[in-house]
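Undergrad: Input: one structure, supplied below.
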């Protein structure tokens, strides 16, 4: 390789590295912005703000418990119904100011005491979770309810590119949600109402 080409190749490599780092930084900034937008909408009981974060092509999966069995619903628009109501979540402006987003181990919920192991605003960017797939498997095992191959593929895709977030404020059960990154944007992909439902 000619010596004169080395500086040029080094410049190209440096540019690509800088571009990659900048793109990753922007991705994380957008993640925080989307988390904040969702929680602000929740605190203000602004359903239109929540729905603006739902990808119309994929919808959002809402996990809930009916009797002793966990269920899921895929909705393209959230409303006040049996599966989801913005009033389920007690999020205050004071708590949003108090807790800032951190990355790390997520808190656990104690059904006996109805408390979280810690309060705060935490995201897990390392571990992949499959909450909807687990419900699909449970429905097949215990109720012989089959999910179509197409929907299972969609669920797998959404879980693969989703990140789990838990916000627990000074009161209430907080909220467990997932954001999915696709086509350069974060979207609300899953809302988990099962973990804090200890009725079973």
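The values are calculated or read from the model by the stated rules, or taken from the named source; none is laboratory data. These numbers were taken from a predicted model, which means no experiment stands behind them. Positions of Cβ are backbone-derived with ideal geometry, glycine not excepted, and every protein chain shown enters the neighbour counts.
Undergrad: Filter the stretch 171-200 for residues that are outside any strand (DSSP E or B) and surrounded by 22 or more Cβ atoms within 10 Å (Cβ to Cβ) and give the result.
TA: Answer for the stretch 171-200, where residues must be outside any strand (DSSP E or B) and surrounded by 22 or more Cβ atoms within 10 Å (Cβ to Cβ): just 174.
Undergrad: Answer with yes or no whether residue 37 is closer than 16 Å to residue 177 by Cα and at pLDDT 95 or above.
TA: Yes.
Undergrad: Here is a further query. Looking at residue 154, is it more than 30 Å from residue 23 (Cα to Cα), modelled with pLDDT of 95 or more and crowded, with 16+ Cβ neighbours inside 10 Å?
TA: Here the answer is no, as residue 154 does not meet what is asked.
Undergrad: Looking only at the stretch 158-170, filter to residues that are outside any helix (DSSP H, G or I) and under 13 Å from the mean Cα position of the chain (by Cα); which one of those is farthest from residue 85 (Cα to Cα)?
TA: Once the filter is applied, the top-ranked residue is 161.
Undergrad: Residues in the stretch 18-30: is at least one closer than 29 Å to residue 159 by Cβ and at pLDDT below 60? Give the derivation first.
TA: Applying the first criterion (closer than 29 Å to residue 159 by Cβ) to the stretch 18-30 yields 19-30.
Subsequent filtering for residues that are at pLDDT below 60 retains 19-20.
Yes; the residues of the stretch 18-30 include at least one that is closer than 29 Å to residue 159 by Cβ and at pLDDT below 60.
Undergrad: Still on this structure, please answer the following. Tell me which residues, restricted to the stretch 55-70, are modelled with pLDDT of 95 or more and surrounded by fewer than 18 Cβ atoms within 10 Å (Cβ to Cβ).
TA: Hits for the stretch 55-70 are 55, 56, 57.
Undergrad: Please pick out the residue among 113, 144 that is modelled with pLDDT under 95 and either within 22 Å of residue 72 (Cβ to Cβ) or within 13 Å of the chain's Cα centre (by Cα) (or both).
TA: Testing whether each residue is modelled with pLDDT under 95 and either within 22 Å of residue 72 (Cβ to Cβ) or within 13 Å of the chain's Cα centre (by Cα) (or both) leaves just 144.
Undergrad: Same structure, new question: Within the stretch 130-147, does at least one residue satisfy the condition of being under 21 Å from residue 31 (Cβ atoms) and surrounded by fewer than 20 Cβ atoms within 10 Å (Cβ to Cβ)?
TA: Yes, some residue in the stretch 130-147 is under 21 Å from residue 31 (Cβ atoms) and surrounded by fewer than 20 Cβ atoms within 10 Å (Cβ to Cβ).
Undergrad: Could you check the stretch 46-157 for strands (runs of 3 or more DSSP E) lying wholly inside it with 3 or more residues that are in contact (Cβ under 8 Å) with a residue 60 or more places away in the chain and either within 22 Å of residue 173 (Cα to Cα) or touching a helix residue (DSSP H, G or I) at 6+ places or on another chain (Cβ under 9 Å) (or both)?
TA: Correct list: 60-66, 69-75.
Undergrad: Can residue 168 be described as surrounded by 14 or more Cβ atoms within 10 Å (Cβ to Cβ) and over 15 Å from residue 36 (Cα atoms)?
TA: no
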